[in-house]
Each structure stands twice: as C-alpha cells, then as structure tokens.
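Undergrad: Here you go, one structure.
The values are calculated or read from the model by the stated rules, or taken from the named source; none is laboratory data. Since the structure is predicted, the reported quantities are computational estimates derived from the model, not experimental observations. Glycine also receives a Cβ, built like all others from the backbone with ideal geometry; neighbour counts cover every protein chain displayed.
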Amino acid sequence: MNRIAPTTELIDLHIHVGGAVAPHVLWSIAHEHGFKLPVKSYWEFCELVTASPEKVSSLGDYLDILHQWTEKIQSSPHAIERSIYEVIGKEYRSSRVTAIELRFNPMKRNLGGERDLDHIIHAALRGMERACLEYGSRAGLVFCLAREFDYELNEIIVRKAEKYIGRGVVGIDVAGPERHGIEFGADIDAYRELFARARAVGLGTTVHTGETAHTAARGVLAVIEHLKPSRIGHGVAAAASEEAMAKLRENKIVLEICPSSNLRTRAVADLAELGTILRRFDENNVMYTINTDGPYLLDSHLRGEFDLLLSAGHLTPSTAERCMATARAATFLK
Ligand SMILES: [Zn+2]
C-alpha cells in the first residue's frame, strides 16, 4: 500500500497563505482590485506565480515569487478574506484536510502600513470562519514574524496575535531566509522574551530554520537555545548533527517537514537524500510531521506529499500514520 486511503482525514501544520491560493483565484482578485500586472494572459500569470523547477533553484528564488506577487495581490481585507476562504476549501477537497494551521505575515498584507492591520486580521478570520462552516474543518491562523523586520515590527505582530488569541489566532512563527543561524543579532534577548511572552499567553510557537544547507544545524541549535519553540519548520539540516537531534528529542520539539518545498528549493539534493534524513530522525527518535508549505506554488497537495514518500519507500503505512498522530498531538488548534 503506497498511497494514503482516500477517506483518511489529514492535518496540515505548515502551509503559507502566500503559496496556497490557486492562480485563477489570485488572477480574479488581481482583476477585481485593478492590480497592475506585468502580463496580459492568464497562462503567463500562472507562470509568474508558480515556482516551476526552471525558475526556482533556491529558497531565495522561492521567496521572491511570494514577495513580488502573491503577498501584494493578497494585500487588502477582501483579498485576504477570499484567499483564506479558498485555501481551506481547496485543501479539504483535494486532500480531505480537516484541520489546518494557515500562516501568513499580516504586516506583509497591509501595503507597508497603508491598510489597517486589524482590518486585515478581521478579514482573515472571516474567511476562515466561512470556510470552516462550509466544510466542517478546524482551522487557526499562525502569524509569521519576519527575519528581515526590525524588532519593533515583529513585536507588533506578536501583540496582534495575543489580541486575537481567543478568536482564531493560534500561534506565531518566524520566516525568512537565514544567513548565519538566527539573525536577530543584538536583539536576541528581546526575542527570547517575546517568545516567552507568547508562550505564557498560550500561543503556539514555531520557527523556520534548518531549511538551507549552508546554515547547517547551527540555526536549529540557536533557535532551540534562544526561542524554545515547540515546533520547527523544516529543520532537515538537523539530521547532520547528533547534538541538534539530541536537543530536538530532549525538548520534544516536532519538525514540520515539507517534502516538495525542500526538493524545489534544493534544501535537499533529491528524494533519496530526504529519505536518508527521515531515517536519521527515526533512528534518533526525532518527531516529525508531513506538510505542504506552498501547495499551489509547488503544484502539490498534502495527499501527494504523503504518496510521494510512501511510493519511494521513505514512509511506510505505519510511519505515515505516526506522522499524522504526531501532527494531531502537536497542533496549536485547541
Ligand atoms: Zn514555510
């Protein structure tokens, strides 16, 4: 059996609104808003907002598509409401995802302060509520802090997460490219306190790290030491370090593995290397889950991510079931 049964209900813990909205929906939103596009035809637009292998060979290339197009098109209350509504429905229809944590940076949806942040967040929550009512899904929003933002901006994002915690915001994340590991320099003590504050009010915490080969396991170790998140986005680089794996195991930190994303950004060389990494995690009792990251950007869906690993022999039906159980236990959804 190298496929997930079609009736299995799945849970996605790592999916970005910026990479999960179908091109035809982005196209429709762009036209509704009179957004000036550099292309005339729909097919050219699809090319623009998809991370095709010809275009993307690194995490930087991948993030550029988000920053240049999808995040801007999603930058209005109406646009974010429709985006989130569409993602939850689509993930249910394509993969029977019945529990989903959707992440985005609200401050990358307000046109540099032109739009009111609370209007963006309220609209996101409306879109989420409407889709959950229609499909019976459970969902929550995770706000991404940005490595490239100043501390003051990231602190505002955490304050907003705290404000909306009882209303559908369930956690915080840190996203953006790493260069040396953690990237917060002199602000590291402030970030340590910020994360402690978020945990104290009941927000879930996760951090993107260990996603690029050149940061190796340093990023994972630094994040565990300073930010103490309960989950880590990707973290594949930890497989090369006994110390990092021991820290993950001791602190019961769950990894959010996103296979197609890691293959496309060349975080891993190929599927065989990803298989070796998962085996290392199994041997070292490091807990991990399987997720999509950016299903439309990557032309994938959650069922496909599982099937990819199952058919390559990197997951078995029982380890796939274990990944799902781990995700159900580690979710920030109450
Ligand atoms: Zn991600």
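Undergrad: Any residue in segment 8-24 that's in a loop (DSSP other than H, G, I, E, B): show its pairings with residues that are within 16 Å of the ligand (Cβ to nearest atom) and charged (D, E, K, R) at Cβ separation under 9 Å, as long as the two are six or more apart or on different chains.
TA: Cβ pairs passing all conditions: ALA20/GLU91; ALA20/ASP293.
Undergrad: Continuing with this model, one more query. Check segment 52-63 and report whether any residue there is over 30 Å from VAL158 (Cα atoms), within 16 Å of the ligand (Cβ to nearest atom), of a type outside the set (Ser, Thr, Tyr) and not in a helix (DSSP H, G or I).
TA: Within segment 52-63 (the criterion being over 30 Å from VAL158 (Cα atoms), within 16 Å of the ligand (Cβ to nearest atom), of a type outside the set (Ser, Thr, Tyr) and not in a helix (DSSP H, G or I)), the answer is yes, since at least one residue qualifies.
Undergrad: Checking the structure you have, find out if any residue of segment 283-302 is over 25 Å from GLY18 (Cα atoms) and buried (at least 16 other Cβ atoms within 10 Å of the Cβ).
TA: yes
Undergrad: Still on this structure, please answer the following. Just one of GLU86, GLU47, GLU81 is over 30 Å from THR8 (Cβ atoms), part of a helix (DSSP H, G or I) and of a type in the set (Asp, Glu); which is it?
TA: GLU47
Undergrad: Does any residue of segment 306-324 turn out to be in a loop (DSSP other than H, G, I, E, B), under 18 Å from GLU101 (Cα atoms) and out of contact with any His (no Cβ under 6 Å at 6 or more places or on another chain)? Talk me through it step by step, then tell me what you get.
TA: First, the residues of segment 306-324 that are in a loop (DSSP other than H, G, I, E, B): 312-316.
With the extra rule that they be under 18 Å from GLU101 (Cα atoms), the set shrinks to none.
Within segment 306-324, not a single residue is in a loop (DSSP other than H, G, I, E, B), under 18 Å from GLU101 (Cα atoms) and out of contact with any His (no Cβ under 6 Å at 6 or more places or on another chain).
Undergrad: Under the condition of being in contact with a strand residue (DSSP E or B) (Cβ under 6 Å, 6 or more places away or on another chain) and not in a helix (DSSP H, G or I), which residue from segment 210-229 is nearest to the ligand (Cβ to nearest atom)?
TA: Ranking the qualifying residues of segment 210-229, first place goes to GLU211.
Rundown of residues vs (1) in contact with a helix residue (DSSP H, G or I) (Cβ under 7 Å, 6 or more places away or on another chain); (2) within 16 Å of the ligand (Cβ to nearest atom); (3) assigned to a helix (DSSP H, G or I); (4) at pLDDT 95 or above, yes/no style:
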site	(1), (2), (3), (4)
ALA237	yes, yes, yes, no
ALA246	no, no, yes, yes
ARG249	no, no, yes, yes
LYS252	no, no, no, yes
ASN262	yes, yes, yes, no
VAL268	yes, yes, no, no
ALA272	no, no, yes, yes
ILE277	yes, no, yes, yes
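Undergrad: Look through ARG126, ARG138, ARG159, ARG130 and report the one residue that is over 24 Å from GLU86 (Cα atoms), more than 16 Å from the ligand (Cβ to nearest atom) and either modelled with pLDDT of 95 or more or of a type in the set (Gly, Ala, Ser) (or both).
TA: ARG159
Undergrad: Another question, then. Which of the residues that make up segment 77-132 are of a type in the set (S, T, N, Q) and crowded, with 22+ Cβ neighbours inside 10 Å?
TA: Residues satisfying the conditions are SER83, SER95, ASN105.
Undergrad: Would you say ILE188 is over 25 Å from ALA238 (Cα atoms), more than 16 Å from the ligand (Cβ to nearest atom) and not acidic (Asp, Glu)?
TA: Working: over 25 Å from ALA238 (Cα atoms): no; more than 16 Å from the ligand (Cβ to nearest atom): yes; not acidic (Asp, Glu): yes.
The answer is no for ILE188.
Undergrad: Give ILE172, ILE121 a once-over and let me know the one that is of a type in the set (Val, Ile, Thr), under 27 Å from TYR85 (Cβ atoms) and outside any helix (DSSP H, G or I).
TA: Every option except ILE172 fails the conditions.
Undergrad: Determine which single condition GLU178 fails, assuming it passes every other condition in (1) at pLDDT 90 or above; (2) buried (at least 21 other Cβ atoms within 10 Å of the Cβ).
TA: So the condition that GLU178 fails would be (1).
Undergrad: Given the structure, is LEU26 touching a strand residue (DSSP E or B) at 6+ places or on another chain (Cβ under 7 Å), over 17 Å from LEU125 (Cα atoms), among the aliphatic types (A, V, I, L, M) and more than 16 Å from the ligand (Cβ to nearest atom)?
TA: So LEU26 does not fit the description; no.
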